[in-house]
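Here the structure comes first, spelled out in structure tokens, and everything after it is commentary.
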Amino acid sequence: MLGALNPAAGTRYTLSAGQATTRTVTYLDTVDWRLRRKGLVLRHERATSEAGTLRLDGTGDAVSATLPSPVAWPARIEHLPDGELRDGLADAMWVRAVAPVAKGRLVTREAAVLNEDGKIVVRLDWAELTGSEPVRTEPLVRVTVRPLLGYRRDAERVTRALRDSEGFEPAEDTLYQALLAAVGSTAEAIARPAISADMPADVAVATALLGFADTIVDNVDGVVDDVDTEFLHDLRVAVRRSRSLIKLAGDVLPERLVARHAPGFKWLGDVTTPTRDLDVYLLELEELAAGLVAGERQDLEPFAEHLDRERRKARRALVRALRSQRFTRLLDGWRSGLAGIAEREESEKDSERGLAARELVAGRLRRMVKKVTRRAQAITPDSPSEDVHDLRKRCKELRYLLEFAKPLCDESAFRAALKDLKKLQDILGDFQDGEVQSAALRVFAERMQEDPSRPPAATLLAMGELSARFVTLQRQARHDLTAALERFLGPDTQVRSEALLP
Amino acid sequence: MRIVASYNVKGGVGKTTAAVNLAYLSAREGRRTLLWDLDPQGAATFLFRVKPRVKGGGGRLVRRERPIGAALKATDFTGLDLLPADVTYRNLDLDLAGAHGRSTKASRALGRLLGELADDYDVVFLDTPPSLSLVSENALRASDVVLVPIIPTVLALRTYDQLAEFVDGFDGRRPRLHAFFSMADRRKSLHREIIASLPGERDGISPTAVPALSQVEQMAVHRAPLPVYAPDSPATRAYHSLWTELAGLAGA
Ligand SMILES: Nc1ncnc2c1ncn2[C@@H]1O[C@H](COP(=O)(O)OP(=O)(O)OP(=O)(O)O)[C@@H](O)[C@H]1O
Ligand SMILES: [Mg+2]
């Protein structure tokens, strides 16, 4: 190190090196780079065999937490030790787990620059990081010049000398960023090309569907390993998007391809539902328990245990399904079929005189808006629940269709239309949640009753209280729906959806 | 921010040695510490290997023509900064009087000047020149505690009493005096007697005595605080005890 730093000393100064420390450093982030997007850097440092220290940068002052025992990665927020660091991470991590994104060996060493009186006038921090995972890298070196109070000139002189020397130049990134670049890890997922207005309609639909299929496949490992609940959620959203698009625009694809695979996506939706429902309950349970009025928080513990057992059972079936031949064949066949369309030669595309994406989107969107409008108009305060549910499903389809059409829409018109739709969807969602959840509680209670270890009465009472809350939620939503529909069907919304159409 | 002056009207009694070592120990305990070398001879400045120079000189500092912060120098020790001596400090008396006339303001100017740094430091040590001057009066008035090194002799005690009387005459805030025996020589019976009896008889006299050792003199050779190169010296231990007493007294 001293040799490399010699230019800093020149003829005026002498260098004196301090003790070097070596640590293993593991940088962590969620699979969707939530920390990075918020400007946070989380790293685990370990000197020897101890559990090590977690350090979080980017929240203002850096915070660290010494681990009492080793943490197994991936880890969710509840697996990290209580304290300031965890508080600083909670919002950014949300329900997601952090896992190693890169690992390396970090050697740090301080060097002092002394003047002719033997006085330290500048301090230099030497940091050398050699990546080891996911791949080996060359040592990456950063030298930080730390000016001392009253010795600015010397710091400037040393900085200049380092810059003018062969080996050093001003760093534009942090060691972490350099490491990510060196291991070839990018924070941006490799996205499929966006659809465009002139694309043939079938190419556009196939491209979008391929994107969803990628998402499904990308999330399988996280679901199987139960890293966090978002893997399953993202997988399911991609399944729903696929199903909606197949339903609304699948007719532009070869009939055989659709006929062979569409039922598979229904199956995939069904097989993932029980686990997701239980996930939602478990995620909400703490908040629900906190809201109990008559019951106590701990009354719900047997319920939580029941959910946990049920979830384990449901997950076993789910994992079996995701590892089955049926799943593999479904995705492989679907993807290769779609790829054949999406990656068709340019010349073939040109020679075609079929429908363009622009026309497809315009036609389908218009039809879908009309459909939703008609259903919405038909809803009165006395309409049966089924009609409301039906409206909710159509709204969801419209939403997915909008998202598919997004690259072809005027941006501000798109945002305005989405906002209108979202407001309505929120209320419809509450209506659905209230109903489904109160019904599910009934089923859970019955099942728990059948279990040999019967739940305490207090538990059932607390569950009853929750059930009542959900019923209230549904009533409230039903009540709010009238005004929301009025707004949605008002002239503003109509104007907006017209502006949207390409 | 607590202010401690190391003061004795007599020269060569260990004022600078105490200020340097105690400031070092204060910083090592995590307190943001400043040492102001008010002696134009610049002994403390020399011990920290800093050049004895303040841009614009003491006059500009006192007249507030230059911010005090611009003159500060980091020492080699984390948390310990130095306001160096400068030859112009010889005229500091005149500068103080010149800036504030004959009013009582002239004797409180240093304290007010230090107020600028109140947020930046927890403890400030003032190393004073051996004299009874406007500068030393300023230092005494600015301080929470005045540390007084005394050599265990009867005459030295008289000067301590005179100091106590002088400080007693201050209106308003008075610093606490804290005397300790400096350069105590156990081979001298008079030293032994005074050290054994006095702290019990008089207020403000520490039972801690810093032994006379050549290791202490070596500070000028090492140009470093004593604990840095002689952590186990009995004198280092004595400064440790002194610092504990001082921190308690100053509430730092
Ligand atoms: N405990 C000690 N044992 C031996 N020598 C000491 C001891 N304390 C101080 N000295 C030495 O005595 C001399 C005077 O000490 P110091 O400079 O601290 O006194 P001072 O009161 O600041 O002097 P001045 O009045 O000149 O500023 C120095 O050479 C110093 O090294
Ligand atoms: Mg002195």
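Every number in this text was worked out from the coordinates using simple rules, so none of it is lab data. The structure presented is a predicted model; accordingly, all values stated were derived computationally and were not measured. Cβ: placed from backbone, ideal geometry, glycine included. Neighbour counts: every protein chain shown.
Across the stretch A:380-387, coupling constants 3J(HN,Hα) worked out from phi with the 6.51/-1.76/1.60 Karplus curve, θ = phi - 60°, read 10, x, 9, 4, x, 3, 4, 5 Hz, and Gly and Pro carry x. Taking all C-alpha pairs of the stretch B:1-94, those more than 15 Å from each other amount to 60 percent.
Each part reduced to its alpha carbon centroid, the stretch A:434-502 and the stretch B:218-252 end up 72 Å apart.
Taking every DSSP beta bridge that has both ends in the protein assembly as shown, the antiparallel portion is near 65%. Averaged over its residues, how many other protein chain Cβ atoms are within 10 Å of peptide B:44-52's Cβ atoms? Taking all residues of B:44-52 together, the mean is 2.
Near the amide H of A:Val183, within less than 5 Å, lie no amide hydrogens of residues on another chain or at least 5 residues away, with H placed in the peptide plane. Principal axis extents of the Cα atoms in the stretch A:197-355, from largest to smallest and rounded to whole angstrom, are 70, 32, 23. Inter-chain neighbour count for A:147-157: the average number of beta-carbon atoms from partner chains within 10 Å of each residue's beta-carbon is 3. Among B:Ser206, A:Ser165, the order by Cβ neighbours within 10 angstrom, fewest to most, reads A:Ser165, B:Ser206. Reducing the stretch A:389-415 and the stretch A:274-297 to their Cα centroids gives an inter-centroid distance of 31 Å. The value for the stretch A:32-165 of Rg(Cα) / (2.2 N^0.38 Å) is 1.31. Other residues within the sphere of radius under 11 Å centred on the Cβ of A:Gly291, judged by their own Cβ, net out at -2 (K and R +1, D and E -1). Sorting A:47-59, B:33-45 by average packing, meaning the other beta carbons within 10 Å per residue, from highest down gives B:33-45, A:47-59.
Angle of helix A:411-450 to the longest C-alpha principal axis of chain A, folded into 0 to 90 degrees and rounded to 10: 80°. Between 0 and 90 degrees, the angle of helix B:154-168 with respect to the longest Cα principal axis of chain B falls at about 40 degrees. Database remark: amide H of B:Ile151 closer than 5 angstrom to the amide H of B:Ser182 (H placed geometrically; neighbours at sequence offset of 5 or more, or on other chains; Pro and chain starts carry no H). With the highest mean first, a sort of the peptides A:224-237, A:370-383, A:470-483 on other beta-carbon atoms found within 10 angstrom per residue produces A:224-237, A:470-483, A:370-383.
Per-residue 3J(HN,Hα) values for the stretch A:12-17, derived from phi via the Karplus relation 6.51 cos²θ - 1.76 cosθ + 1.60 with θ = phi - 60°, read 7, 10, 10, 10, 9, 8 Hz in sequence order (x marks Gly and Pro). Rounded to the nearest whole Hz, the Karplus-based 3J(HN,Hα) values (6.51 cos²θ - 1.76 cosθ + 1.60, θ = phi - 60°) of the stretch B:113-118 follow the sequence 4, 5, x, 4, 9, 3, with x at glycine and proline. Label positions at A:Asp218 and A:Ala294, each projected 7 Å from the Cα along the C-beta direction, are separated by 4.8 nm. Whole-percent P(r), chain A, all Cα pairs, 20 Å bins from 0: 17, 41, 29, 12, 0.
Applying a threshold of 24 Å to the alpha-carbon distances of B:Lys15/B:Lys105; B:Lys15/B:Lys73; B:Lys73/B:Lys105; A:Lys393/A:Lys419; B:Lys51/B:Lys105; A:Lys247/A:Lys313 flags B:Lys15/B:Lys105; B:Lys73/B:Lys105; B:Lys51/B:Lys105; A:Lys247/A:Lys313 as lying beyond it. The mean count of C-beta atoms from other chains within 10 Å of the C-beta of residues in B:67-75, rounded to a whole number, is 3. This ranking places B:Val210, A:Val239 by how few other beta-carbon atoms lie within 10 Å of each, fewest first, which gives A:Val239, B:Val210.
Compared with the dominant principal axis of the Cα atoms in chain B, helix B:234-250 is inclined by about 60°.
Compute the signed sum of charges (Lys and Arg +1, Asp and Glu -1) over the other residues within less than 12 Å, Cβ to Cβ, of B:Gly57. Charge balance near B:Gly57 sits at +3. Only Cα pairs under 8 Å and 6+ residues apart enter the sum, and on that basis the relative contact order of the stretch B:2-250 stands at 25 percent.
Between the amide H of B:Val124 and those of B:Arg2, B:Ile3, B:Val4, B:Leu34, distances stay under 5 Å, these residues lying 5 or more places away or on another chain, with hydrogens modeled in the peptide plane.
Peptides A:211-218, B:230-237, B:164-171 ranked from most to least packed by the mean count of surrounding Cβ atoms within 10 Å: A:211-218, B:230-237, B:164-171.
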